Structure formats: C-alpha cells, structure tokens
1. Does G229 count as within 23 Å of the chain's Cα centre (by Cα), assigned by TED's automatic domain parsing to the domain that holds G175 and not in a loop (DSSP other than H, G, I, E, B)?
2. Among (1) within 19 Å of the chain's Cα centre (by Cα); (2) more than 15 Å from V207 (Cα to Cα); (3) at pLDDT 80 or above; (4) assigned by TED's automatic domain parsing to the domain that holds K234, which single condition is V129 missing?
3. Mind checking which residues of segment 228-258 are of a type in the set (D, E, K, R) and either closer than 17 Å to P312 by Cβ or surrounded by 16 or more Cβ atoms within 10 Å (Cβ to Cβ) (or both)?
4. What are the pairs with Cβ atoms under 7 angstrom where one residue, in segment 143-158, is free of Cβ contacts under 8 Å to residues at least 24 places away in the same chain and the other, located anywhere, is loosely packed, with under 15 Cβ neighbours inside 10 Å? Sequence gap at least six, or different chains.
5. Can you name every residue in segment 248-295 that is within 38 Å of the chain's Cα centre (by Cα) and small (G, A, S)?
6. Which of the residues belonging to segment 259-272 are surrounded by 13 or more Cβ atoms within 10 Å (Cβ to Cβ) and of a type outside the set (V, I, T)?
7. So the check is Cβ under 6 Å with 6+ separation or different chains; which pairs have a first residue in segment 295-307 that's of a type in the set (D, E) and a second one that's part of a helix (DSSP H, G or I)?
8. When segment 137-152 is examined, which residues are found to be among the hydrophobic types (A, V, I, L, M, F, W, C) and either farther than 15 Å from M227 by Cβ or in a loop (DSSP other than H, G, I, E, B) (or both)?
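The values are calculated or read from the model by the stated rules, or taken from the named source; none is laboratory data. Just so you know, these numbers come straight off a predicted model, no measurement behind them. All Cβ positions, even for glycine, are placed from backbone atoms using ideal geometry, and neighbour counts span all protein chains on display.
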Amino acid sequence: MPPGSPYPQGPYQQQPYANPYPQPYQQWGQGYSPFNRPASVNGLAITSLVLGVVCCVPALGLILGVIALGQIKRRGERGKGLAIGGIVMSSLGTVLLVLSLATGGAHEFWEGFEDEARDSGGSGVTFSVGKGECFDSPSGSLEGEAYDVDKVPCAGDHQAEVFANFKIQEGGYPGDGKISETADDKCYALQNVYAMDSWAVPDNVDVYYFTPTEDSWSLGDREVTCMFGNTDEKGSLKGTLRCDDTTLGADQLAYLQADGILYDALDTAPDEEYVEDDLPGHKEWATRVAKALGDQTELLRAHQWAAADEQPVTDQAKALDQARKEWGQAAKAADADAFYTHYDNGSRLLEGSRAVTARKALGLATTPPSDGGDGGGGGQGSGDSSSEV
C-alpha cells in the first residue's frame with residue numbers, strides 16, 4: 001500500500017487517488033495498534049490488599065495502599081478498588097494489633113510460640129511428662145540425652161514413672177554438674193511424697209531424672225522431671241508406685257505419715273559406713289533416730305484407728321518404744337562394740353513381726369525393704385545411683 005493511501009489496493013490496478021478535501025485529520029503514526037490495551041494494575045495496590053488480608057504487617061499494608069492511590073491517579077493505572085480494600089483491611093489489622101499489645105495478647109502469643117517450639121522435639125528442645133504418668137524411652141535407656149518419650153499406661157510394663165516435677169530458679173545456665181546436684185538432692189527428697197510406703201518400692205527401683213540442657217535452657221526450659229526406673233537397663237516396671245493421699249485411706253495415711261518421721265531420721269546416717277571411723281557421728285545419728293521414734297509413737301497413739309486396726313498398731317507402738325530405748329543406749333555408747341549391740345537390737349524392732357502384722361491389717365506392703373547400706377534407712381537411696389537424662 002503506497003504511503004499516504006487511505007484505502008488498500010484491490011485486485012485491480014487503480015489510479016492514484018486524489019483527495020478532493022483538505023486533510024483535517026492526522027494520519028496514523030508508525031507503530032499504532034488498532035486495538036486498545038487495558039491499563040496495567042498497580043502493583044502496590046495488590047501488595048496492600050494482600051498484607052491487609054493476611055494481617056502480617058498491617059501498618060505497611062496501610063502505607064502501600066495510600067501510595068498506590070497516588071500512583072493510580074497520576075499514571076492512569078487500574079487497581080483503585082484493590083488499594084482501597086488494602087487500606088481498609090490494613091487499618092483494621094493495625095487497630096487489632098494495637099489492642100493486642102495493650103491487653104497483653106501479643107505476649108501470650110509469643111509465649112505460645114515458645115511453648116510450641118519447646119514441644120516440637122529436636123536437639124536442645126525439651127518436652128514434658130506429668131506427675132503420675134508412665135513412659136518408655138525410644139532409645140531403650142534412661143541414661144543419655146532424650147528428645148522424646150512414648151507415654152504408656154502405668155498398669156502395664158513401662159520403663160519409668162514420673163513422681164515429681166520442679167523448676168530450677170531463673171538465671172544463667174548453672175552448668176551440668178550443678179543441675180545434676182540440684183536434681184539429685186530434690187528428687188530423692190520428693191520420692192517419699194509420692195511413694196509414702198517405702199516397703200512397696202522394689203529393691204531394683206531407683207531414682208532418675210530429666211534435666212535441662214544448655215540449649216533448652218536458652219529457650220526458657222527450667223524443669224526437672226523426677227522418675228522411678230529399673231536399675232536393670234533391660235528391666236521394666238509394672239503397675240504404679242503411687243502411694244499418697246490420693247490413693248490411701250485415713251488409717252493408712254496416718255500410719256505412713258508417722259512412719260515417715262522415722263525413715264527421714266534414718267536417712268541422716270553419717271557418710272562413714274563403719275562406726276569405728278566416726279563414732280561421734282553415729283552417736284548423733286542414733287540420738288536423732290531415738291527422738292524420731294518418740295514422735296512417731298506419739299502420732300500413732302493420737303490417731304483414732306478403726307476397730308480392726310487399733311490393736312495391731314498399738315502393739316507396733318510398744319515395739320517402737322523398746323526400739324527407742326535401744327537407740328538411746330546406742331547414742332550413749334562408749335565404744336563401737338557397744339554401739340553395734342544396741343543398734344542391732346533397735347533395728348530389728350523397727351521392722352519386726354509387729355510391724356508386719358500392723359501393715360497387714362492396714363492393707364499396706366508387708367515385705368520389709370532390704371538394707372540399702374544406710375543403716376536401716378528403709379531402702380532409701382543416697383543419690384549415688386541416680387542418672388541424669
């Protein structure tokens with residue numbers, strides 16, 4: 001088509017067309033497209049709406065929406081409705097954020113986030129097992145570092161039973177040794193609160209615990225979990241060891257509370273195993289035991305027992321009176337031989353036939369614990385066999 005020709009040529013030759021009229025209209029310029037392209041949508045308007053909907057950064061969505069309206073007006077772009085929607089949604093999100101900060105909602109959200117992070121597993125992350133719950137360790141051992149446990153019913157076989165949880169005071173990480181020492185001392189003290197009947201705790205059961213690691217400490221973990229476990233790594237526990245005010249009758253509870261006074265005193269034996277190595281220390285210990293026996297019998301006689309329990313408990317109180325005299329003589333012993341004589345006599349009276357008869361009447365365990373090497377402390381551990389997990 002010749003330049004300037006307003007009509008295309010047909011299949012036949014024509015003479016050049018002469019326009020009889022002046023040209024009041026401008027010819028199409030080069031590059032003109034005969035179809036109108038729609039104006040582009042403003043990108044900031046889209047972003048503003050997205051931020052307003054998801055409420056992740058509402059203030060930024062509000063600012064971008066205002067900027068988008070100015071650009072749309074200047075450039076002739078589309079997206080005015082999107083920008084306005086973004087402004088409205090972002091404004092609402094900003095108001096909600098301010099209210100959340102004012103009412104502490106943000107703090108609660110962050111605490112929830114931290115809790116979820118702690119419970120999500122992995123290195124340096126802790127988990128929680130509650131008092132009275134039983135579990136198996138996926139690794140098959142209660143020693144080493146644990147990342148998770150499999151909770152199971154206490155009625156069946158299980159590796160461990162949790163008897164207490166407590167928190168370590170805030171501050172910087174005190175170190176593995178200090179944490180283990182704290183866990184060891186407190187867990188052994190708390191076991192008697194959960195398992196009041198020391199006769200019912202098998203000899204192959206000891207205390208273990210979970211403690212915070214340095215990594216979990218940085219996430220706010222301060223909890224120590226105390227548990228019973230089998231001293232044989234391949235062994236297990238069966239049935240709950242819980243024996244406290246949630247499971248005991250009034251007479252049972254009264255008897256064990258009085259019994260606890262005695263066993264607490266027995267647990268204060270000197271570090272020196274042999275009397276010859278520390279006679280003064282053993283004599284002081286015997287003095288504490290004699291006093292505890294006096295307090296124990298006083299409590300036993302003050303309680304109103306059921307008819308079936310009264311006589312067996314009265315007989316046991318008389319045996320404890322005799323034991324108190326023997327322990328009192330041990331406290332005055334002139335030498336180790338004299339101490340051993342009164343100690344042996346007094347120890348036999350603590351867990352003799354009268355104690356077994358009274359416990360049988362009360363429905364408590366009737367097999368005396370074996371001597372744990374602590375001077376007749378009822379099998380209470382001294383902390384040496386505990387393991388940090």
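1. yes
2. Status for V129: all satisfied but (4).
3. Selection gives R242, D244, D251.
4. From segment 143-158, the pairs are D150/P138.
5. Across segment 248-295, the qualifying residues are G249, A250, A254, A258, G260, A265, A269, A292.
6. D259, G260, L262, Y263, D264, A265, L266, D267, A269, P270
7. Pairs found: D295/I261.
8. Within segment 137-152, L142, A146, V149 meet the criteria.
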